[in-house]
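The structure under discussion appears below in the form of structure tokens.
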Amino acid sequence: MLIFSQILQTTLPVLYGAIALSYLFYFYTRIAALSRVATVALLVTAVLHLGHTVVLGIIAMRHPMATIFEFLSFVAMTMAFIFLFLETWYRNGYIGAFALPAVFVLQLCASLGIQPAVAVTPLLEEVRFALHATAFAAAYAAFLLGLLFGVMVILFERSVKRHHFGIVFEQLPSLSVLGKMTASTLLLGFVFMSIGLGLGAWNVMHAPTDLQMDAKVLLTILVWLVYGFAIFSRFVLRWSDESTAILSIAGFALLAFTTVATHVTFSSWHNFVG
Amino acid sequence: MTESTRTPFVIGSSFHSAPLAVLEKIAISRDDLQSVVKELSGWIHTDDLAVLSTCNRTEIIGTTLDVARTRQQIVTYLNTVAENVTLQPEHLYCLTGVQAVSHLFNVVCGLDSMIIGETEIAGQLQFAFGVAKCEGLAGSYFVQLFDSAFRTNNRVRRETQIGEGTTSVARAAVHMARRIVGDLSDRRVLVLGAGETGTLACAYLNEEKATIFVANRTAEKAVRLAAEKGGTVVPFDRLEETLVDMDVVLLATGAKTPLITRQMIAQVQKRRRGELLVVVDISMPHNAEPEIQSVGNVFLFNMNDLKDMVAKSISRRAGEKLKAQQIVEEEVAAFFARQRTLEVGPIIAALRCTCEEMTAAELARFQNRLSDTDRQVFEQFAASLLNKILHLPTMAVRELATDQSGADGKATEKIAWFKKLFGLDKPKEERMRNK
């Protein structure tokens, strides 16, 4: 099992890289066969990735999301699954040219640092903590896709307003569909984040009191509020796709800052290694 | 009609060879096609005959034993049909053999059309072939020919981008709207103007299953267009109220001043709570102020945008034409190779049969001078020798059949020589008489 895990750890970034290249070629050449091959290859790779995650958990005898590398790997895998769903639902493979390079970079970073033998805090042996971390990873994956779709919306709008009808205008899904993709990924991420926060609160109630005073918790609640406002403005106030895209980009910027700040600047018990 | 003597032909006139006035005279309507095919088959006596008639071409496609006679008959027929217009020799073309097949394949793929890569022609050819089949004027060769033509079209569409993009301004307008709001089937579209462009746009919107609303300064025209295209008439003087409920507005009027102003759109968008609104202005001069695109969630496309898009599509299709022609050449060669394969089977069988009969006849001549054992030995010897002698020519003729570089007729010519060499071009009785 260890050999299987090690082989996949090396192979996954290669596979995602090749698939990302296929989607990029498809975007520029419009050869439909490339999209079909890339979709099947992505499905197989994502399933292998899931297998790798399960095996990693079995080998390490813990939840396979204790380190930042394992977290990134899980985010990459969840992105791949969400992307496959969206690609099938909206029947447009061109978005893969934007989404798959991100999956590749995440998995490349993850594969460089994953070590099954690393010692982690006993907290992660508890199921509710594991579920809390899983929900957050899924939320990150959805928000990252939301960011990418948001960027596509902005690019599309700019190209129309400037009357430049190049490859972005011709290949991307319609603006309305891109807007729906952005909103639906934000909604999905928000639901996962709400579950994660709920589980986190439940964990805190069953944990020592010092867990409550954590910078990451406060920043995450702020991120949750930003995304909550994005959802509210989109679905209740019916703001434009552009506004949702801007909020998606702002939300992810804050999310990225929260993640980096927690791991680099502030001390936090959310760092589970050691 | 035997395989070896059948010659495919295409005789007709298109925008390449004749002016529109001539093409109009010899054009045959869809409703009349069946009766024309029936009438024409009585003139030229053939097993295979199809008539393709569009606004840009009228072509008679078939197979014949005597090309010159068939050509003369068809020219006479077309001159009869053309009434007051005399067809000049340069108005008509007569293509036979490989050229005819190649032309047919190019036509079905839209490579010979005025708008390169257009798809309508394939449907018109399907219809023409359907009529031929209905009238019993499609033998096995003709069926194979048309099957190959349609297969070539599928391959060209699959492997090239010859049909990509839009080539008319009205279609480009609909395409632009789709790029913003997506599927138009659940969208409300207002067409302002019931002229030629408005009518065309309505037709394309109908194909997209959009909910159409029509407004025109002259209400009668709007009523007529709405009735024709299944739309709803809305009052021209209450534009602002109408716009509130629309997703797309297509402007195609002859108004000299803008009908849609920035102020109006700002008001409309306020009432629409900023929902997506696409304005496509295909009027000259503009019917919408360019400033309207500064209003949130409003997207404006004007005539220049559409013309650019059409020009790009045409240029992209021209770039794909060479690739498509290459495929057509390959498919023409493959078609003739298939025909030759069908043709050489009986040739090889006839050759073997003739040789075996000759061997049997020779053995019979010596039958009285041979014991049973000797005869058996001689029979085995003769069969073995025959196999060895026939092996090389059999292989050679099979190779000729599968040679796809022989679409220019050389392989067919060589097969004809092969038949002549072994006397297979003569009836069996004559061959046996000469042995």
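The values are calculated or read from the model by the stated rules, or taken from the named source; none is laboratory data. Quick caveat, the model's predicted, so the values are computed rather than measured. Here Cβ is always computed from backbone atoms with ideal geometry, including for glycine, and neighbour counts include all displayed protein chains. Only protein heavy atoms, including side chains, enter the accessible area calculation; ligands, DNA and RNA are left aside. Shrake-Rupley method; radii C 1.70, N 1.55, O 1.52, S 1.80 Å.
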**OP:** May I ask for the angle, rounded to the nearest 10°, between helix A:96-113 and the longest principal axis of chain A, with both axes built from Cα atoms and the value confined to 0 to 90°?
**Re:** 20
Subject >> Amide H contacts of B:V249 (H built 1.01 Å from N, under 5 Å, at least 5 apart or other chain) >> reply: B:L190, B:V278, B:V279, B:V280
Original post:
Can you give the net charge of the other residues whose Cβ lies under 13 Å from the Cβ of B:C94, counting K and R as +1 and D and E as -1?
Top reply: -1
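Computing the accessible area with a 1.4 Å probe over protein heavy atoms, can you report the carbon and sulfur percentage for chain A?
Values: 9050 of 12090 Å².
Result for chain A: 75 percent of the exposed heavy-atom area is carbon or sulfur.
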**OP:** Could you let me know the centre-to-centre spacing of segment B:41-91 and segment B:272-316, using Cα atoms, in angstrom?
**Re:** 47
Subject >> For segment A:147-171 versus segment B:139-174, the gap between their alpha-carbon centres in whole angstrom >> reply: 31
**OP:** Would you be so kind as to identify which of B:L243, B:G345, B:A170 lies farthest towards the positive end of the dipole of chain B, taking Lys and Arg as +1 and Asp and Glu as -1 on Cβ and the Cα centre as origin?
**Re:** B:G345
Original post:
Along the charge dipole of the protein assembly as shown, which of B:T86, B:T359, A:S5 sits closest to the positive end, that is, farthest toward it, with unit charges on the beta carbon of Lys, Arg, Asp and Glu (+1, +1, -1, -1)?
Top reply: A:S5
Subject >> All-pairs Cα distance distribution in segment B:336-434, expressed in whole percent, bin size 10 Å >> reply: 14, 38, 28, 14, 5, 1
Subject >> Largest-first principal axis extents of the Cα set of segment A:1-118 (Å) >> reply: 45, 23, 22
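Given +1 on the Cβ of Lys and Arg, -1 on the Cβ of Asp and Glu, and no further charges, what dipole in debye does chain B carry about its Cα centre, rounded to the nearest 20? List each step's numbers first, then the result.
On the way: 52 positive and 54 negative charges, 99 e Å.
It comes to approximately 480 debye.
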**OP:** Take every Cα pair under 8 Å in chain A that's 6+ residues apart, average their separations, divide by the length, and report that relative contact order as a whole percent.
**Re:** 21
Original post:
Relative to the present Cα-Cα distance, how much length would full extension add between B:R155 and B:F127 at 0.36 nm per residue of separation?
Top reply: 8.1 nm
**OP:** Report, as an integer, the average count of C-beta atoms from other chains found within 10 Å of each Cβ along B:359-371.
**Re:** 0
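Report, in debye and to the nearest 20, how large the dipole of the protein assembly as shown comes out about its Cα centre when Lys and Arg carry +1 and Asp and Glu carry -1 on their Cβ.
Details: 64 positive and 64 negative charges, 61 e Å.
With only Lys, Arg, Asp and Glu charged at Cβ, the dipole is about 300 debye.
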Original post:
So which of A:K161/B:K307; B:K38/B:K133; B:K229/B:K312 end up more than 20 Å apart, counting from Cα to Cα?
Top reply: B:K229/B:K312
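Within the accessible area of segment B:156-286, what % is carbon and sulfur when the probe is 1.4 Å and the other protein chains stay in place? Kindly include the intermediate steps, with their values, before the conclusion.
Numbers: 2740 of 5890 Å².
Accessible surface attributable to carbon and sulfur in segment B:156-286 totals 46 percent.
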**OP:** Using a 1.4 angstrom probe, figure out how much accessible area chain A has per residue, in square angstrom, rounded to the nearest whole.
**Re:** 44
**OP:** Please give the calculated 222 nm ellipticity per residue for the protein assembly as shown, where each DSSP H segment of at least 4 residues contributes -39500 (n - 2.57) and the sum is spread over every residue; nearest 500 deg cm²/dmol?
**Re:** -22000 deg cm²/dmol
Subject >> At q = 0.08, 0.12 Å⁻¹, base-10 log of I(q)/I(0) for segment A:120-274 (Debye sum, equal scatterers on each alpha carbon) >> reply: -0.28, -0.57
Subject >> Residues losing 40 Å² or more accessible surface upon assembly, segment B:179-225, compared with the chain by itself, 1.4 Å >> reply: B:R179, B:I180
**OP:** Let me see the pair-distance distribution of chain B: every alpha carbon pair, 20 Å bin width, integer percents in order.
**Re:** 20, 36, 26, 12, 5, 1
Subject >> Helix B:303-365 axis, angle to chain B major axis (alpha carbon atoms, nearest 10°) >> reply: 10
Subject >> Pairs of Cα atoms farther than 22 Å apart, segment B:317-391, % >> reply: 53
Subject >> Diffusion constant of the protein assembly as shown at 20 °C, which comes from Stokes-Einstein with the Kirkwood Cα-pair radius and 1.002 mPa s, µm²/s >> reply: 67
**OP:** Give, as a single signed number, the net charge of other residues whose beta carbon lies under 12 Å from the beta carbon of B:F142, with Lys and Arg counted +1 and Asp and Glu -1.
**Re:** -2
Original post:
If each Cα of segment B:90-225 is one equal point scatterer, what is log10 of I(q)/I(0) from the Debye formula at q = 0.10, 0.15, 0.18, 0.19 Å⁻¹?
Top reply: -0.52, -0.87, -1.01, -1.06
**OP:** Report, in degrees rounded to the nearest 10, the 0 to 90 angle that the Cα long axis of helix B:196-207 makes with the longest principal axis of chain B.
**Re:** 70
**OP:** May I ask which residue of B:L52, B:S384, A:F192 lies farthest towards the positive end of the charge dipole of the protein assembly as shown, with charges of +1 (Lys, Arg) and -1 (Asp, Glu) on Cβ and the Cα centre as origin?
**Re:** A:F192
